[in-house]
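The values are calculated or read from the model by the stated rules, or taken from the named source; none is laboratory data. Worth saying up front: this structure is predicted, and the values here are computed from it rather than measured. Note that each Cβ is placed from the backbone with ideal geometry, even for glycine, and that neighbours are counted across all protein chains shown.
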Amino acid sequence: MYLPPETVDKLLAFMVKNSTRDSATVFDYLPQSVMNGTCEEHGRNMRKNVTDAGEPLRFTSEKEHWNNSSERSFTKIKNATSEDYRKLYFHGKNEGKLLNPPLLFAYAEVA
C-alpha cells in the first residue's frame with residue numbers, strides 16, 4: 001500500500017529469484033477503489049487519514065500484477081475479502097469483532 005509500484009515489482013522479482021518452487025507469500029492490500037477514492041466512506045476516510053499523515057497510498061495489487069514480468073511467475077493466486085476471512089477465522093469469541101472492510105489479502109506461490 002505504501003510502497004511505490006516499482007518497489008513492489010522488485011520485491012516480487014526478488015522473491016521468485018530467491019525462493020524455491022511452491023514457496024508462498026501472503027500480504028495485505030487495498031482495492032483500486034480505495035486508491036482512487038471511489039470506495040465507500042470507510043475507505044475514503046482511511047485514504048484521507050494516511051495521506052494526511054504523509055503516507056499516501058501508492059500501490060494496489062491486481063491479480064495480473066503478479067505475473068506482469070517475464071522475470072517472475074506466481075501460481076495459485078488467491079484473494080480474500082473481509083467476508084472471506086471472517087468466515088475462515090472469526091468464530092467463537094472473535095465472531096463479533098470489527099473488521100477493516102476495504103482490506104484484502106493476497107496469497108500466491110512461486111511457480
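Would you confirm whether or not the range 21-31 contains a residue that is touching a helix residue (DSSP H, G or I) at 6+ places or on another chain (Cβ under 7 Å) and modelled with pLDDT of 85 or more?
Yes.
Among the residues of the range 32-53 satisfying the criterion of being in contact with a helix residue (DSSP H, G or I) (Cβ under 6 Å, 6 or more places away or on another chain) and touching a residue at least 40 places away in the same chain (Cβ under 8 Å), which is surrounded by the most Cβ atoms within 10 Å (Cβ to Cβ)?
Here the residue is Val34.
Report, by residue number, each residue of the range 12-31 that is exposed (fewer than 13 other Cβ atoms within 10 Å of the Cβ), free of Cβ contacts under 8 Å to residues at least 60 places away in the same chain and not polar (S, T, N, Q).
Hits for the range 12-31 are Phe14, Lys17.
Within the set of pairs 6+ apart or on separate chains, which have a first residue in the range 77-93 that is surrounded by 12 or more Cβ atoms within 10 Å (Cβ to Cβ), a second that is in a helix (DSSP H, G or I), and C-beta atoms under 8 Å apart?
Ile77/Lys63; Ile77/Trp66; Asn79/Lys63; Ala80/Leu88
So, in the range 94-110, of the ones that are among the small types (Gly, Ala, Ser) and surrounded by 15 or more Cβ atoms within 10 Å (Cβ to Cβ), which residue ends up modelled with the highest pLDDT?
Ala108
What do you reckon, is Thr51 at pLDDT 85 or above and more than 15 Å from Pro4 (Cα to Cα)?
The answer is no for Thr51.
On the basis of being modelled with pLDDT of 85 or more and either charged (D, E, K, R) or closer than 17 Å to Glu109 by Cβ (or both), does Arg72 make the cut?
no
Could you list all residues from the range 54-67 that are modelled with pLDDT under 85 and either out of contact with any helix residue (DSSP H, G or I) (no Cβ under 8 Å at 6 or more places or on another chain) or among the acidic types (Asp, Glu) (or both)?
Matches in the range 54-67: Glu62, Lys63, Glu64, Asn67.
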